[in-house]
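Coordinate-derived values only; no laboratory data. These figures come from a predicted structure and were not determined experimentally. Heads up, the Cβs are rebuilt from the backbone with ideal geometry, glycines too, and the neighbour counts pull from every protein chain shown.
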Amino acid sequence: MSSPEQWTRPEPGAGPAATAAEPTPEQVKAGLRATTEGGPELTQLLTPEGERVPSEQFDPYVADVDIDVLCGLYRDMVLVRRGDREANHMQRQGQLGIWVPLLGQEAAQIGSGRALKPGDMAFPSYREHGVAFTRGVDFKELLGIFRCTDQSGWDFQRHGFHPYTIVIGNQVLNATGYAMGQKFEGKVGNTDGDGRPSSTDEATIVYFGDGATSQGDVHEGFVWAAVYDAPVVFFCQNNQWAISEPTERQSRLPLYQRARGYGFPGIRVDGNDVLGCLAVTRWALEECRHGNGPVLIEAFTYRMDAHTTTDDPTRYRLSDELEEWKLKDPIERVRAHLTRRHGIEQDFFDQVQADADAFAAELRDFCFNMPDPPPERIFSNVYAEPSPVLDAQREEYLAYLGGFVEAGER
């Protein structure tokens, strides 16, 4: 039997991993510690107390982050959290069919989203409201999906943000295929006239959770991306709960180490550190644009709310765990840093909160007054070209509905 450390973090030459069907209590405890602490290889630039941690490797990727940028990142996270909370409330009031909260994951999404360039493409799952915000998608556009009046109304090519994907892990295959296309079209590994990497090269990023890493689609995406050196960043938001299953029930290894088996680099970053997420994602995207992709990022974070509004997390996790992670809040650490290290005063934070409240009020007004789409809308955008069969189905269905109207008028 191997040691508990080998169970959770086996390294080459350290001996075989445990082979028992059931882990011992010591192995379970070791796995829990690795999950809770993030492990020794956790990349962090901003501690929960707001202290800046220097990094020889990643500091160059945030060299342009001045006080204005930091304040902007703080504002992004506050607005996105306020919009998320308002949407959650509206679902409870019957205005949305369901909502998928992002509470606690703001830093992972804002940091990585702000690392993207206009030519890059992002493939979300169904929780990336913060990434959508950074890509210029109107938050109101997201509400239609969960009110069941729309199917993603934004221009995904213009925003560089693909429609939401509900099928777990499927977006990884889509993103890998898109990234392969970027390489086949020569949009990777170019140089400008002065010999520097081209500023017009592109990359792809795809978001998924820890639970999705148990899906075959994700592993197939890893295989194809590795074989073709596809310029894709696999961004795993490890919020430690695949609905009700903890990470240690899904993997013997920290998730970022899985990349080694496919032949590309993996890295674990503090997912509650917006500066760390920005730096690591910029690095990974540059690797991809230069032709060195793919890269796996595991953003080590925590889901502070339910999986969706149909879920009850009190049935499978302890309140003590939640309270512990409140001390690692992604927004509060930036606020502490701005206050203690940069002398930002209360007026700034008050203004951001006022902006967030106005943002929430705008969302609420829009949602409450959102018109129901006409019945024929369900036949729109099914095919790129006209379809006689679909046209006939539409006419038959509308005639059927019209019969009810006529019967009611008599």
Would you mind getting the Kirkwood hydrodynamic radius of the range 130-183 from its Cα pairs, rounded to one decimal in Å? 12.2
Starting from the Cα-Cα distance between ARG252 and ILE166, subtract it from 0.36 nm times their residue separation and give me the gain in nm to one decimal. 28.3 nm
Given q = 0.13, 0.14, 0.18 Å⁻¹, what are the Debye log10 I(q)/I(0) values for the range 109-255, with equal point scatterers placed on the Cα positions and solvent ignored? -0.61, -0.71, -1.09
Exceeding 31 Å between C-alpha atoms, which entries from my cross-link table qualify? They are LYS117/LYS140; LYS187/LYS328; LYS183/LYS328; LYS140/LYS183. LYS187/LYS328; LYS183/LYS328; LYS140/LYS183
Let's test the formula: R0 of 45 Å, r as the Cβ-Cβ distance of GLU185 and ASP372. What FRET efficiency results, to the nearest 0.05? 0.65
Cut-off of 10 Å, at most 16 other beta carbons, DSSP loop: longest stretch of the chain lacking such GluC sites (Glu not before Pro): 186-344
Computed FRET value (nearest 0.05) for ARG340 with ALA63, which takes r as the C-beta separation and R₀ as 25 Å: 0.70
I need to check one value: relative contact order of the chain, counting alpha carbon pairs closer than 8 Å and at least 6 residues apart, in percent. 22
Can you tell me the FRET efficiency between HIS89 and LYS140 if r is taken as the Cβ-Cβ distance and R0 is 25 Å, rounded to the nearest 0.05? 0.95
Among rounded, prolate and oblate, which fits the chain when a ≥ b ≥ c are the square roots of the eigenvalues of its C-alpha gyration tensor, a/c under 1.5 means rounded, and a/b larger than b/c means prolate? rounded
In nanometres, what is the gap between the two model label sites at TYR383 and GLN351, each 7 Å from Cα along Cα-to-Cβ? 5.5
Take ASN292 and GLU56, extend 7 Å from each Cα along the Cα→Cβ direction, and tell me the distance between the two endpoints in nm. 1.6
For the range 69-170 the translational diffusion coefficient, Stokes-Einstein from a Kirkwood Rh over Cα pairs at 37 °C and viscosity 0.692 mPa s, in µm²/s, is roughly 237
Less than 20 Å from a label point 7 Å out along the Cα-to-Cβ axis of ALA399: which backbone N atoms in the range 364-390 qualify, by residue? 375-380, 387-390
Calculate for the chain the 222 nm mean residue ellipticity that helices alone would give, adding -39,500 (n - 2.57) per DSSP H run of length 4 or more and normalising by residue count, nearest 500 deg cm²/dmol. -14000 deg cm²/dmol
By DSSP, what percent of the beta bridges with both residues in the chain are antiparallel, rounded to the nearest 5? 15
What does the extension gain come out to for VAL223 and SER199, with contour length at 0.36 nm per residue minus their alpha carbon separation? 5.8 nm
Between MET370, MET90, MET121, find the one with the highest GNM mean-square fluctuation for the chain; connect C-alpha pairs within less than 10 Å. MET370
DSSP loop chymotrypsin sites (Phe, Trp or Tyr not before Pro) in the range 319-410 with at most 10 other Cβ atoms within 10 Å of their Cβ, which ones? TYR383
